[in-house]
Every structure is written in structure tokens, then in C-alpha cells.
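The values are calculated or read from the model by the stated rules, or taken from the named source; none is laboratory data. Since we're looking at a predicted model, the values are computed, not measured. Positions of Cβ are backbone-derived with ideal geometry, glycine not excepted, and every protein chain shown enters the neighbour counts.
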Amino acid sequence: MAYDAWCLSQYGVDRYLNSWPLYLTNYGGGQSILYAYLCAALFRIFGYHSFLVRLPSILFSSLTLFFGVKITEKLYPGKYMPALAAGILLTICPALILQGRLGIDCYLMLGASTVFLYLFLCAAETGKVRYYIGAGLSGGLLLYTYALTYFVLPLFLAISLFYVLWVKRFSLRGWAAMAVPMAVLAFPLILIQIINIFDLPEMKLGCFTLTKLNMYRVSEFTGFDFSKFLSMLRMVFIGNELSYTSAPGFFNFYILSIPLFFIGFCSLLWKAWRSIAKRKHVGSIYVLLWFLIIFLLFCNLKPIGYRISGIYFAVVAITVCGLQSLLCFLSRKKILKISLSAAFSAFYLVGFARFGFYYYMGAYTAETNPLTHFDILVTEAVEYLEAHPEFQNQGTYMAEPVVYYMLSTLASPYDVRYDIHTLDSDYYVCGSLPEIQDGYNYIVRNHLTEYAEELRRKGYTEVIFTGYSLFYQEADQNGISNAG
């Protein structure tokens, strides 16, 4: 994604030379575009830097925090404790800290959906057209954060439409004002779906490319499976095997959130029943609906940690609802209520202190938790070889995909032919570290200790960089490479 963004910032094409694609090809299955466009704008202004790859995720996490608190304030008017609790949980929970630091396209869904839910809730409660227009714009942009929203957003709007009709909150003028900007933004993505479903050729919409993918991933929907239901429960609350989406040994929202969530979930189901029975509008229904749609959709897919981040605000909001319901139940027992509030605060504070010590104080490192697909670039090694032609030998092997080399060198997509897996180069060979052979150099990550030790035994010279080493053979006076 970062290399695609670099190409867009400099040349107006992605790495496959598609001009301004509205859906990235990536490795053939596609990737949502909004993150790449935001990075491209930053690269255009500041040049390439790894921090800028993370910056959109940081900014959208801030949107989650700000609008998440605003939503909670609207759901509990006149009460400061629920909004405070939501703000604290959105700040200290491991899952939200982790998702706010990595440049993954689908992570923008969380911030964008929180903005959309806030504007939609304001529109439904006030009936003001400006909020409907804002919901339409934010909902349209939400579609560019992650392809799952192609299912989530229409389902949410359809069920919400029935709900507002039932509780007599429907505004034809408002829904029309929301539909227009949302439809305009959705139109190119609809065309992309038509192209891929009906196997039509790739098309242009002005300067924008309507991408034809090598594989259309709608086949990933395999039907409801109870094992996936259990996997989703585990993945949402406990975590998963990916160390960049959940921290080993820590619950995503701390263990206390699990009972509070289920209290809140039952409370919201009861509110929904009463709302429908009495035909009275209740704003918290939209949060419950958002959670259920995403959760049940993933019971028809393979749950993966980074894919489900769009559900996180709903989890926090329902947990806060459980806390508020519990404290309201104890409202007549003031001492017990205060004691329980203090105990909950202390529990979360201790949990965050424990996680913070692990995460910020040195236990969570590149050595203890190497992140696949998030390796440091090999720019320094390539620059070293280019500056020392006497050490270049016949070629250089690296285990990383081709795109790592291209981003490391910021090569022009016009100068380097790229077709997903291979590089048009007689010198750099990417994608694997083969059996060691004389006359070649090797770029090796620090965690590949056995491979590096074998190179050292064979007499290769090692140049150490941050996170990896370059191994090369020095030639003797007759030009023959020295090796053990």
C-alpha cells in the first residue's frame, strides 16, 4: 500500500501503472483505496517517511475517540460518567492502542464508521438536513475504507429505514439529502463490482481506473458456521494469534469488559424490544445494530484480527451501557455504587498499567514479537551495494516480496516492471532465500539466525543494519570470491 501511495504521489499511477485506481490491485485480490490516497497526499507534501504511513491510522483513531465520546454524550444526555468511561476505554484498551499504530487500509473503517454513526444519530434525533448530508458524505467515504462496508452499510441503512418508519422518525427530505452524496460516492465502486462480477474489461471513469481484479473475493463468504461464531467471540474479546492486532496475554478490552458487555447487550436488546413495542425512538439501537451486522457477517467469513476493527467502538459503547445499567440498578445503594465504581476504575487502571509496562517499556519489541509484513525497509543495504560495486558480485537475494525492494529504493513504476511476484532485474532476486551459493549476496533479517550463522561460517562479510544484515563475499586479488 505504501509503495502504491508513493507511485500515486509522484506519477498518478499505482505500481501496475493504473491511473488513480479506485480500488488497488495489491496482490490480485484488491485493497481499499482511501488509506493509500491519504498517504499519497502526505508523501506529496513531505516526501516518503515510515511515520507518514502510520499517520492516517493515528488520525482516524483520534476521530474514533472524539466522536465516540460525542455519541455517548448523546445517548446519555446530562450524564458525564458514561462519556468519561467511553473516553477512557477508547484510550486504554489494548485492541484500540494496537490498531491505532499500524498502516492497514481496513483500520480506517473504525474512525470513519464512528463519524458516520454520530452524524446519522444526530440526523435521526434532530431531523436537520445538514446532519443527513454529513451522514451521506461520511457514509460514502466509509465505503472506501474497507470492502466489508459494501455489505455493512446497506444492511444498516435498510434496517434503520424500517426502524425510523416504525417509530415515526422518517424524514423524506432528510433521507434524500443523505442518499445523494452517498450514491455519488458509491457509484464508481458499484461499477467496479459489476466489472468483476460479470468479467468485463477494466474501464476508466475520467482519470480514475475502475479496477479489474485477478480474483474476486466474494467467494470468501462460505455461509454461517457455529465454529466461526465462537471464533468471533474469542477474536473480539480475547484476541488472536496475530501479534499486531492483539497482545499475547492481554484481553482486547480487559477481562472485566466481558461481563459488562453482556449486561449491556441484554440491556440494549430490552431497550430495542420496548422501543419497537412502544414505537419510541431510542438512539442506542443504532450501536447495537452496527455490532450485530458486523458480528453476524463475520460468522459467514473467516475471522481475521485486523478485519474486525470496525466493530470496536460498538463493543466499547455496549460495555459502557452495561456499566451504566449496573450502576443504575444500584442507584439506591449509594455506598455500594461508589465502591463498585472505585473498584472498576482501579481494575482498569491496574490492567492498563500492566499492559503499558509490557507494551511501552520494552517487552513488546521487534525481537520478541516480529511482525510479518511490517519489516524495516532494506534501503541502507541497497545503497551500500550501489556505493561499493566491488562487493556487488553476481546478484543479491532477499526474502521480502518485490515491493519491499521497490519501496526501499523508491523506484519509478515505469522503470521496474512488476507483475505481483517477479522483478525485471538481473541482479536483485526477491521473495526467497535459497540454498547458499558462491558469488551472491544475501540480505537477511535478524530473526533468521540459522541462515545468518551459516553465512558467517562460510566466511561471508557481514554489514549490520537496524533489523537486518547484508552478507557479501569479498574477492581475492585474482577476482575470485572468497568463501568457506
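The table that follows gives values for the structure above.
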| item | result |
| --- | --- |
| Criterion violated by Arg307 - all others in (1) more than 33 Å from the chain's Cα centre (by Cα); (2) crowded, with 18+ Cβ neighbours inside 10 Å; (3) of a type in the set (Lys, Arg) satisfied | (1) |
| Top-ranked residue in segment 105-126 [being of a type in the set (Val, Ile, Thr) and surrounded by 24 or more Cβ atoms within 10 Å (Cβ to Cβ); ranked as farthest from the chain's Cα centre (by Cα)] | Val115 |
| Residue list for segment 95-145, restricted to those being closer than 29 Å to Ser257 by Cα, assigned to a loop (DSSP other than H, G, I, E, B) and either modelled with pLDDT of 95 or more or among the hydrophobic types (A, V, I, L, M, F, W, C) (or both) | Leu102, Ile104, Thr145 |
| Of residues in segment 1-49 being crowded, with 21+ Cβ neighbours inside 10 Å and of a type in the set (D, E, K, R), the one nearest to Leu102 (Cα to Cα) | Asp4 |
| Selected residue [in a loop (DSSP other than H, G, I, E, B), farther than 21 Å from Val152 by Cβ, in the same structural domain as Thr91 (by TED's automatic domain parsing) and not β-branched (Val, Ile, Thr)] from Pro248, Pro259, Pro303 | Pro248 |
| Flag if Phe295 is out of contact with any Cys (no Cβ under 6 Å at 6 or more places or on another chain), among the aromatic types (Phe, Trp, Tyr) and farther than 19 Å from Leu117 by Cα | no |
| Residue in segment 141-163 that is over 24 Å from Ala272 (Cα atoms), in contact with a Pro (Cβ under 9 Å, 6 or more places away or on another chain) and of a type outside the set (S, T, N, Q) present | no |
| Residue within segment 444-451 that is of a type in the set (Lys, Arg), under 36 Å from the mean Cα position of the chain (by Cα) and either modelled with pLDDT of 90 or more or within 28 Å of Gly47 (Cβ to Cβ) (or both) present | yes |
| Identity of the residue in segment 1-59, of a type in the set (Phe, Trp, Tyr) and not in a helix (DSSP H, G or I), that ends up nearest to Ile376 (Cα to Cα) | Tyr48 |
